[in-house]
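Read through the structure below, which is laid out as structure tokens, and then see the notes.
The values are calculated or read from the model by the stated rules, or taken from the named source; none is laboratory data. Because the structure is a prediction, the values reported are computed rather than measured. Cβ sites come from the backbone with ideal geometry, for glycine too, and all protein chains shown count toward neighbours. These area figures cover heavy atoms from the full protein model, side chains too; ligands, DNA and RNA do not enter into them. Shrake-Rupley method; radii C 1.70, N 1.55, O 1.52, S 1.80 Å.
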Amino acid sequence: MFNNKKADEPILSIWNFVIWGIIGLGLVIVIINLNPINTDIRKIQADLLADRIGNCITDYKITEKFISDDFNLFKECNIDKKGFDNNKFYFNITTRKAGSNEVLRKEIVFGNPDFEIMCGIKRNADSPNFAKCNIKEFFGIYNNEQIIIKVMAGSNNAGGGV
Amino acid sequence: MKLIINKKGEGTKMLLVLIITLIVNVIFFTGMFYFVERSGSTPSIYEHFYAKKLALIIDNSNPDTIVSLNINDLNQFFGENKLNINNVFIIQNNKVIVKLNNNPGYSFDYFSDYDVEISSHKDPETQDLFVDILIKERKNV
């Protein structure tokens, strides 16, 4: 039965190519996923925006102007309005007296309000298309009383080709 | 003797199998290493990196600030594409645009309302190339 049977190793078998294909595909997938092109800095930009607004408003020279309704935040804090019209940025500012819920100024909201929803639900269901937000509280002085300014800033700025 | 004569053919065949397998493996892994090396140094990676970096620098700065950024790793593009640094970094309509070849480049928005000027200089001691970002308060027109 085993006469004239010769075990022979093929020079190149199909399995060699299958294994190389798997290795190559795995390498390509890893490189594409770790590619620094996809670095997401929206959270950092949201953080910077919150800091810019908070530090600007709590400057003692500006706080009093801020509490009065006649206050141009974009001009005083060197922020460009265009990015908010393009749905790339968002902020929401609430002001109250420290130690109480007394509201000192009506809420200031600028940009797409959907950012609040996206940032709120991403705890359970995140998506790369959701905006990234940051919430910070700043302390200021108004009429010799401490106030708390809560800033929620968001960025959905992904950049792109020209 | 008879045994050795019979084994000779099989030994040659085994050697041939080994050599061919080695050659094909070397070709395959050389190709993979080349792909890995190329994918880490394409112009688009640097365009993304520097556009985002400059936008963050502008947003993190106060007016009347100058920031100098070492861009020595872009020297490889200045030589082969004969680029002028003034055409590489462009500030336009609150966007940082970085162009390293004949493609349109990559742009990234920043939220600050500043006048931004870009220039460059070479360190006289180290010969490193730097891009200078001058940030000024926007003049009301």
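A few points about this structure:
- Some residue of the stretch A:42-54 being more than 14 Å from the chain's Cα centre (by Cα) and without any contact (Cβ under 8 Å) to a residue 60 or more places away in the chain: yes
- Checked against (1) open to solvent by 50 Å² or more (accessible area, probe 1.4 Å); (2) touching a residue at least 24 places away in the same chain (Cβ under 8 Å), B:His48 passes all but condition (1).
- Within the stretch B:109-133, the set of residues being over 22 Å from B:Phe78 (Cα atoms) and either surrounded by 17 or more Cβ atoms within 10 Å (Cβ to Cβ) or at pLDDT 95 or above (or both) comprises B:Asp109, B:Tyr110, B:Phe111, B:Ser112, B:Asp113, B:Tyr114, B:Val116.
- Every pair of residues 6+ apart whose Cβ atoms lie under 8 Å, when the first sits in the stretch A:67-83 and is closer than 16 Å to B:Phe111 by Cα while the second is of a type in the set (Lys, Arg) and open to solvent by 60 Å² or more (accessible area, probe 1.4 Å): A:Phe74/A:Lys81; A:Glu76/A:Lys65; A:Asn78/B:Arg138
- Entirely in the stretch A:21-93, the helices (runs of 4 or more DSSP H) that have 2 or more residues that are more than 10 Å from every other protein chain (Cβ to nearest Cβ) and open to solvent by less than 40 Å² (accessible area, probe 1.4 Å): A:42-57, A:60-67
- Of all residues in the stretch A:135-158 being within 20 Å of the chain's Cα centre (by Cα) and surrounded by fewer than 18 Cβ atoms within 10 Å (Cβ to Cβ), the one that is modelled with the lowest pLDDT: A:Ala158
- Every listed requirement among (1) within 11 Å of chain A (Cβ to nearest Cβ); (2) more than 15 Å from B:Leu54 (Cβ to Cβ) is met by B:Asp123 save one, (1).
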